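To start, the structure itself, in structure tokens.
The values are calculated or read from the model by the stated rules, or taken from the named source; none is laboratory data. Source: prediction; values computed, not measured. Cβ atoms come from the backbone with ideal geometry, glycine included; neighbour counts cover every protein chain shown.
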Amino acid sequence: MKHLKVGGLMTDDVVSAVPDTSFRDVAKLLAEHDISGLPVVDADDHVVGVVSESDLLARRALTARGVMSAPAVTVHAEEAAADAARLMVRRGVERLPVVDEEERLVGIVTRRDLLRVFLRPDPEIRRRVREEVLADALDLPADAVDVHVLDGVVTLDGRVRLRSEAVMLRRLAERVEGVVAVVDRLSAADDGTRAEAPPPRSAYDFS
């Protein structure tokens, strides 16, 4: 399956500071660029911390070094956007500096950027579930299961051969970009029972 990468969503024109940037200048950068946080980098562009508006309000120090949150939580451009979103929620941050293989700053991605993943039209989501999950990943006919999508919520209805297929189908459908939740109405022929399914997972619960 194809997954949208962080590099496709990030902003590569990044406003940053260095550890010795003054408290006042950091505040000025945030105001001038209408942003709520920025990465702090060393002389080699390695991310050493992040300063947010809340950091400035919570602490009083003379430089970025004294107010930044460190170590910084970062992500690589080749990582899946959904994985970056889970990391963001898990660590309780609003933005992730994006780094290259040598951990140098190349961009930044915010929660707002990642929310764009969940704005895909319902027909496109249905097509991707049928083609990428049913046909490509599971080698099943695209119409093997009825796939209905409304406001990003995917409902899977039908009968498959194995309970393991039903479980895999549900899990893969959850990972399609744009899917908010999956409603599993699948049954399996191997034992005549409905495949075990947890409650539909919200796309905003990235745990």
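Pull out all pairs, ordered by first then second residue, where Cβ-Cβ is under 7 Å, the residues are six or more apart or on different chains, the first lies in segment 158-184 and is under 18 Å from residue 116 (Cβ atoms) and hydrophobic (A, V, I, L, M, F, W, C), and the second is in a helix (DSSP H, G or I) and at pLDDT 90 or above.
Within 7 Å, the pairs are 176/125; 176/128; 176/129; 176/132; 176/133; 179/125; 179/173.
Quick one: which of 99, 40, 109 is surrounded by 18 or more Cβ atoms within 10 Å (Cβ to Cβ) and more than 30 Å from residue 179 (Cα to Cα)?
40
Kindly provide the set of residues from segment 156-174 that are of a type outside the set (Gly, Ala, Ser) and either touching a Ser or Thr at 6+ places or on another chain (Cβ under 6 Å) or buried (at least 16 other Cβ atoms within 10 Å of the Cβ) (or both), ordered by number.
Within segment 156-174, 156, 159, 160, 163, 165, 167, 168, 169, 170, 172, 174 meet the criteria.
Suppose we keep only residues that are without any contact (Cβ under 8 Å) to a residue 40 or more places away in the chain and surrounded by 15 or more Cβ atoms within 10 Å (Cβ to Cβ) within segment 57-86. Which one would you say is farthest from the chain's Cα centre (by Cα)?
Per the stated criteria, the residue is 69.
Which one is nearest to residue 103 (Cα to Cα), of the residues in segment 1-27 that are of a type outside the set (A, V, I, L, M) and out of contact with any strand residue (DSSP E or B) (no Cβ under 9 Å at 6 or more places or on another chain)?
8
Does segment 147-162 include one or more residues that are assigned to a helix (DSSP H, G or I) and basic (Lys, Arg)?
Initial filter on segment 147-162 (assigned to a helix (DSSP H, G or I)): none.
Looking for residues that are assigned to a helix (DSSP H, G or I) and basic (Lys, Arg), one finds none in segment 147-162, hence no.
Among the helices (runs of 4 or more DSSP H) confined wholly to segment 77-134, which include 1 or more residues that are within 24 Å of residue 14 (Cα to Cα) and either assigned by TED's automatic domain parsing to the domain that holds residue 149 or out of contact with any strand residue (DSSP E or B) (no Cβ under 6 Å at 6 or more places or on another chain) (or both)?
Qualifying helices (runs of 4 or more DSSP H): 81-91, 111-115.
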